[in-house]
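One structure is given below, encoded as structure tokens.
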Amino acid sequence: MSDRYIFRYIIILVAIVSVLLSAAAMWLQPYQKRNELNEQRINILKSAGITGADNKNAEQLFKQHCTDRREGEMPYYVIDNQITVIPMRGNGLWGPIWGYIGIAADGKTVVGAVFDHKSETPGLGAEITTDKYRNQYEGKELLIQNDKVSVEVDAIAGATRTSNGVEEMIERALKLYLPYFEGNE
């Protein structure tokens, strides 16, 4: 076999595979976007205390419960005209962390919270996604002192940077939205 034959074969094979991969990526893109949107809807509903949402019913439940929302620079979602859910973004130990926190109509009580991460350590920082950690936030009062807004919960043992990242993320988000909550009292 000549070298030309081998190079021609490789080039044709690479071209075919790249066309197939590109076609598959383009074909799957709407499904990926739908799944991302459904994950967002499920997390918003969870942070408002609404459970049972999954990929099959997320859109329907979200439309049923989300009575008002604002997208853009300072987005929020109002669930059942009582709970305001705000998105949060921050930094953990190894990468970004994010979540949603639901605040009751009184503007002072946390209804629920959902957190996620890209690359926190399993068994340590990744514990922010567990129900055990999330459930600590339910029913907690917002602590507003001077220029600081916080929620007191137990940190995750061995995950100090991630716990601090969650605390800073919550404080930053609540500080931004505090005028909104004070106006709705």
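Some observations on this one:
- Scanning the stretch 96-135 for residues that are in contact with a Pro (Cβ under 6 Å, 6 or more places away or on another chain) and either in a helix (DSSP H, G or I) or surrounded by 15 or more Cβ atoms within 10 Å (Cβ to Cβ) (or both) yields a total of 1.
- Here is the figure for the stretch 140-185: residues that are within 20 Å of the chain's Cα centre (by Cα), of a type in the set (Gly, Ala, Ser) and either surrounded by fewer than 18 Cβ atoms within 10 Å (Cβ to Cβ) or over 20 Å from residue 105 (Cα atoms) (or both) total 5.
- For residue 68, the criteria (1) in a helix (DSSP H, G or I); (2) out of contact with any Phe, Trp or Tyr (no Cβ under 7 Å at 6 or more places or on another chain) hold in every case but one, which is (1).
- Pairing residues of the stretch 124-139 that are closer than 16 Å to residue 100 by Cβ with residues that are among the charged types (D, E, K, R) and assigned to a helix (DSSP H, G or I), at Cβ distances under 9 Å and at least 6 apart in sequence or on separate chains, gives 128/134; 133/127; 134/46.
- Among the residues examined, residue 107 qualifies as small (Gly, Ala, Ser), modelled with pLDDT of 80 or more, touching an Asp or Glu at 6+ places or on another chain (Cβ under 9 Å) and closer than 16 Å to residue 178 by Cα.
- Taken over the stretch 71-95, residues that are in contact with a helix residue (DSSP H, G or I) (Cβ under 8 Å, 6 or more places away or on another chain), under 18 Å from residue 40 (Cα atoms) and in a loop (DSSP other than H, G, I, E, B) amount to 2.
- Test for residue 78: is it of a type in the set (Val, Ile, Thr), surrounded by 12 or more Cβ atoms within 10 Å (Cβ to Cβ), touching a Ser or Thr at 6+ places or on another chain (Cβ under 9 Å) and free of Cβ contacts under 8 Å to residues at least 60 places away in the same chain: yes
- Within the stretch 140-185, being among the small types (Gly, Ala, Ser) and free of Cβ contacts under 8 Å to residues at least 40 places away in the same chain holds for 150, 155, 157, 158, 163, 183.
The values are calculated or read from the model by the stated rules, or taken from the named source; none is laboratory data. Keep in mind that what you see is a predicted model, and the values were worked out from it rather than measured. Cβ sites come from the backbone with ideal geometry, for glycine too, and all protein chains shown count toward neighbours.
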